[in-house]
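Please treat every number below as a calculation from the coordinates, not as lab data. Note that the coordinates shown come from a computational prediction; the quantities given were computed from them, not determined experimentally. No Cβ is skipped: glycine too gets one built from the backbone with ideal geometry, and neighbour counts run over all protein chains shown.
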Amino acid sequence: MKNTVKLKIKSTFAKNLRAGFPLINKEAVLNLKGNVEEGSTLELVDESGAFLGKGYFGQQNKGIGWVLSRQQQEEFDEKFFEKKFKQAIEGRKTLFNDPETTAFRVFNGEGDGIGGLTIDYFDGYYLINWYSEGIYHFKNLVVQALTNIADYKGLYEKKRFAEQGTYIEDDDFIAGERAPIPLIVKENGMNFAVYLNESAMVGIFLDQRDVRKTIRDKYSKGKNVLNTFSYTGAFSVAAAVGGATKTTSVDVANRSKSKTIEQFSINEIDYEAQDIIVEDVFNYFKYAVRKNLLFDLVILDPPSYARSKKNTFSAAKDYPDLLEKAIRITEKDGVIVASTNASNFGMDKFKGFIEKAFKQTGDKYKILEEFRLPSDFKTINNFKEGNYLKVVFIKKLT
Ligand code: SAH
């Protein structure tokens, strides 16, 4: 067991922590000297020495650790993790019992009481994401607790704590039996191929489940669909299953082509009737304008930050311009699905971007519906930035 370190919190920050804010910011600490060891237990006190909470030290892009308990006597032992995981699994019973959906989030960090740790479920396999070296120090306890209570085929992990929170490449298998390669999971009756041991990303972003269903059920029938930043084409699959006349998927990564062909194939969609294009989206927009291409449904789901050969894209800065380009190749009465996972701005600002982009093109619009994280990506009111996902369905009016 590591030492317990007592940190004194400035009064301005103590107020927030007392109200339930779970993240420990560096600026909040008065007596942070040199080297606190990753994984140390932290006891937080206010300027007068009164107890505020207990947590652990683990440096992420955001913060230096998380509050896990408001009880001074609480120990972070196997029982502690078992209790948290039991609660989380109990809260997802409906998903566990749904034969049409076999992939979802089981444990969502601070939303379920332990910041820096998430666990996803893929048809009997559990994937643990560690977001700091600090939380990784609890690995044995976490694995033991999870295997005590969960019905599992196998366990995998992603160590996301190299520089800038990037993934450390390794054999990600931990215990049980190894998953088939690929592992085919279901989501609302659609199939998706996932690879648990290939890279940081497994092939599908589980937080878009409700959006994929909505695209399939309400916006695709008879439509010509453009899916930009398409990755493995999950939105294109949803659109094709929903009756799109054609889908066009655009992603700059070479791997996206074979991955998209695979996702179409396992859903019995003829991939040759779809366009799958490996190209920079910004070049594709120019091409589409030159060719007078117009789409009924345009999906925009860029990474929050990306650098390609010619462009640097930052959602917080460049989203309005990206949206403007999309508006110009959307049919009148067509729909744009604007999505972002950037946690550094909220829904109000995102809607400001939409307003700005439509001002730039001079078109009118109407917001049809909005999505935030689905319920399995549990969030807490005291940590708004945890609800990072913002998706807005916008109609371009005639
Ligand atoms: N919409 C996808 C997830 C997108 S992940 C889904 O629902 O599954 C972001 C993707 O954007 C990555 O696959 C990355 O290769 C791609 N990307 C980043 N910059 C790009 C650019 N300039 N042009 C095209 N694709 C880009």
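When only Cα pairs below 8 angstrom with a gap of at least 6 residues are kept, segment 4-69 shows a relative contact order of 37 percent. For segment 197-345, the C-alpha radius of gyration divided by 2.2 N^0.38 Å, with N the number of residues, is 0.98. Under 5 Å between amide hydrogens, built in the peptide plane, is the criterion, and for residue 56 it picks out 42, 66, 68 among residues at least 5 positions away or on other chains. Charged side chains reduced to their Cβ positions (Lys and Arg at +1, Asp and Glu at -1) give segment 205-396 a dipole of some 500 debye around its Cα centre.
Across segment 149-245 the C-alpha pair distances fall into 10 Å bins from zero in the proportions 15, 36, 30, 17, 3 percent.
What Kirkwood radius, in Å to one decimal, follows from the Cα pairs of segment 75-136? One over the average 1/r among Cα pairs gives 12.2 Å for segment 75-136.
Please report, in debye to the nearest 20, how large the charge dipole of the chain is about its Cα centre when each Lys and Arg carries +1 at its beta carbon and each Asp and Glu carries -1 there. Mind showing how you got there, number by number?
Values: 58 positive and 54 negative charges, 299 e Å.
That gives the chain a dipole magnitude of about 1440 debye.
Compared with the dominant principal axis of the Cα atoms in the chain, helix 315-328 is inclined by about 20°.
The convex hull of the Cα atoms of segment 99-178, projected and averaged over all directions, covers 5.7 nm². Given in Å, the Rg to one decimal and the Dmax to the nearest whole number for the Cα atoms of segment 306-353 are 12.0, 34.
Convex hull volume of the Cα atoms in segment 337-398, per residue, in Å³? Write out the running numbers ahead of the final one.
Details: hull volume 4.9 nm³, N = 62.
In segment 337-398, the Cα hull volume divided by residue count equals 80 Å³.
Note: relative contact order over the chain, using C-alpha pairs below 8 Å and six or more positions apart, is 11 percent. Across segment 67-82, coupling constants 3J(HN,Hα) worked out from phi with the 6.51/-1.76/1.60 Karplus curve, θ = phi - 60°, read 7, 10, 8, 10, 10, 4, 8, 5, 9, 8, 10, 4, 4, 4, 5, 4 Hz, and Gly and Pro carry x.
Compared with the dominant principal axis of the Cα atoms in the chain, helix 139-149 is inclined by about 80°. Relative to the longest principal axis of the Cα atoms of the chain, the long axis of helix 347-361 makes an angle of roughly 20 degrees. Residue-wise HN-Hα couplings along segment 237-251, as the Karplus relation 6.51 cos²θ - 1.76 cosθ + 1.60 with θ = phi - 60° gives them from phi, are 4, 4, 5, 5, 4, x, x, 4, 5, 7, 10, 10, 10, 10, 8 Hz; Gly and Pro carry x. Among 286, 378, 84, the largest mean-square fluctuation in a Gaussian network model of the chain (Cα springs under 10 Å) belongs to 286. Cα centroids of segment 34-112 and segment 306-375: 33 Å apart.
With 0.36 nm allotted per residue and the present C-alpha distance subtracted, the residue 96-residue 78 stretch has 4.1 nm of extension available. Mean sequence separation of contacting Cα pairs (under 8 Å, at least six apart), scaled by the length of segment 243-398, corresponds to a relative contact order of 21 percent. Taking only the Cα atoms of the chain, the ratio Rg/Rh comes out at 0.99, with Rh defined as the Kirkwood radius. Once segment 4-69 is represented by equal point scatterers at the alpha-carbon sites, with solvent omitted, what log10 I(q)/I(0) does the Debye formula produce at q = 0.19, 0.29 Å⁻¹? So the normalised log intensities are -0.60, -1.55. The GNM of the chain, with springs linking C-alpha atoms under 10 angstrom apart, assigns the highest mean-square fluctuation among 307, 372, 212 to 307. Taking amide H positions as modeled 1.01 Å from N, with prolines and chain starts lacking one, the residues under 5 Å from residue 331 and 5 or more places away or on another chain are 295, 296. The phi torsions of segment 362-376, fed into the Karplus equation with coefficients 6.51, -1.76 and 1.60 and a -60° offset, translate into couplings of x, 8, 9, 8, 9, 7, 8, 7, 9, 10, 10, 4, x, 5, 6 Hz, rounded to whole numbers, with Gly and Pro shown as x. Taking 98, 251, 301 as the candidate residues, the one with maximal mean-square fluctuation in a Gaussian network model of the chain, Cα springs under 10 Å, is 98.
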